[in-house]
Amino acid sequence: MSEVPTDLPEAATRRFAEGAFTSGLTVPDFAACLQMGLEPVGYVQGYCVMQWQWYGMGSPYGSFGMPYRGQQGGYSETWQCPHGFVSAEHRGWGQNYEQSWIEDAWSEGFTSAYDRMVEEAADVGAHGIVGLVDSSERLSDMGVLEFRVHGTAVRVKDGPPPPDGRPWTTYLAGQRLAKLVEAGYAPVTIAAAVASVRVWAYCITEYLTEGGSSMWGPQTAGAEIEQMAKAQMAVRRLAREHVRGQLDGDALHGASMSTTERELGQGDAEVQCILRGNRVRRFKPFDPMPVPQPTVRLS
């Protein structure tokens, strides 16, 4: 193995002596972290692959045509056909309900991947993980879902180890993280949750979503599909409630929400919402950081 060149700057020589490291940060984020006293120690990641079959109920109706009531304490809302009995194929009931079993399965997969990433960071002596990225993806037609969580493990220069030995985590990095600390907040961990609502359409929803005409004539152009609107509002509200339960009195910073809808035909659908953000805690008053010094002068 060749020796470290002696004509390098002192900081570079010291870094070579300490060994190589990996980082998922951009150059500006890397520089901003160094300015805050955060030294990258390695790129860490966690994975989990779970069986993910369709958790259909088969029918939203229980015995004797009564609607499914959903899990006790969960969201459930029903609609009834205003036309009376028309035929056996006519949808006399409609229902929205929370699919808590899907939410629990998603949480288990995400948490497993996250914990593995945190364990990897703890093994290399990290104080925290910055620039965290998470994603989930179906693997072909195998009926499984892969969860991926990764970020850059950092060490606070001359800082004590985490009180419980577990590194803190944040989606933020670089200047955004610097501004958070400047405002007096410290990252605690990330917060993420999913909400899932199943829509079983009743006759009005079916007619409006299919764009056809019923035996009572064509539907009015621009009519609101109330059942779908209620599902969209409910899934967002549930996601906020799930994340709020993870904060334990702390604040949520930099929240982002994504919603997807899967059409199942005849007005039926599944609506899913993922909410994620940074759980932060105030530790000092607002304290502006010193203005960074330019490394290259243009004049």
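The values are calculated or read from the model by the stated rules, or taken from the named source; none is laboratory data. Worth saying up front: this structure is predicted, and the values here are computed from it rather than measured. When we count neighbours, we look across all protein chains shown, and the Cβ atoms used for this are built from the backbone with ideal geometry, even at glycine. For the accessible areas, the whole protein counts, side chains as well, though only heavy atoms, and no ligand, DNA or RNA atoms are used. Shrake-Rupley method; radii C 1.70, N 1.55, O 1.52, S 1.80 Å.
Tally the residues that are under 31 Å from the mean Cα position of the chain (by Cα) and within 24 Å of Gly74 (Cα to Cα), restricting the search to segment 193-211. Total meeting the criteria: 10.
Restricting segment 238-253 to residues that are touching a residue at least 60 places away in the same chain (Cβ under 8 Å) and open to solvent by 50 Å² or more (accessible area, probe 1.4 Å), the residue that is farthest from Gly131 (Cα to Cα) is His242.
Yes/no per residue for (1) open to solvent by 30 Å² or more (accessible area, probe 1.4 Å); (2) at pLDDT 80 or above; (3) in contact with a helix residue (DSSP H, G or I) (Cβ under 6 Å, 6 or more places away or on another chain):
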residue: Phe30; (1), (2), (3): yes, yes, no
residue: Cys33; (1), (2), (3): no, yes, no
residue: Gly37; (1), (2), (3): no, yes, no
residue: Gln45; (1), (2), (3): yes, yes, yes
residue: Gln51; (1), (2), (3): yes, yes, no
residue: Met57; (1), (2), (3): yes, no, no
residue: Phe64; (1), (2), (3): yes, no, no
residue: Gln71; (1), (2), (3): yes, no, yes
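Does Arg155 count as of a type in the set (D, E, K, R), open to solvent by 60 Å² or more (accessible area, probe 1.4 Å), at pLDDT 95 or above and not in a loop (DSSP other than H, G, I, E, B)? Judged against the criteria, Arg155 is not a match.
Pull up segment 120-146, narrow it to residues that are acidic (Asp, Glu) and either free of Cβ contacts under 8 Å to residues at least 60 places away in the same chain or part of a strand (DSSP E or B) (or both), then point me to the one that is surrounded by the fewest Cβ atoms within 10 Å (Cβ to Cβ). Result: Asp141.
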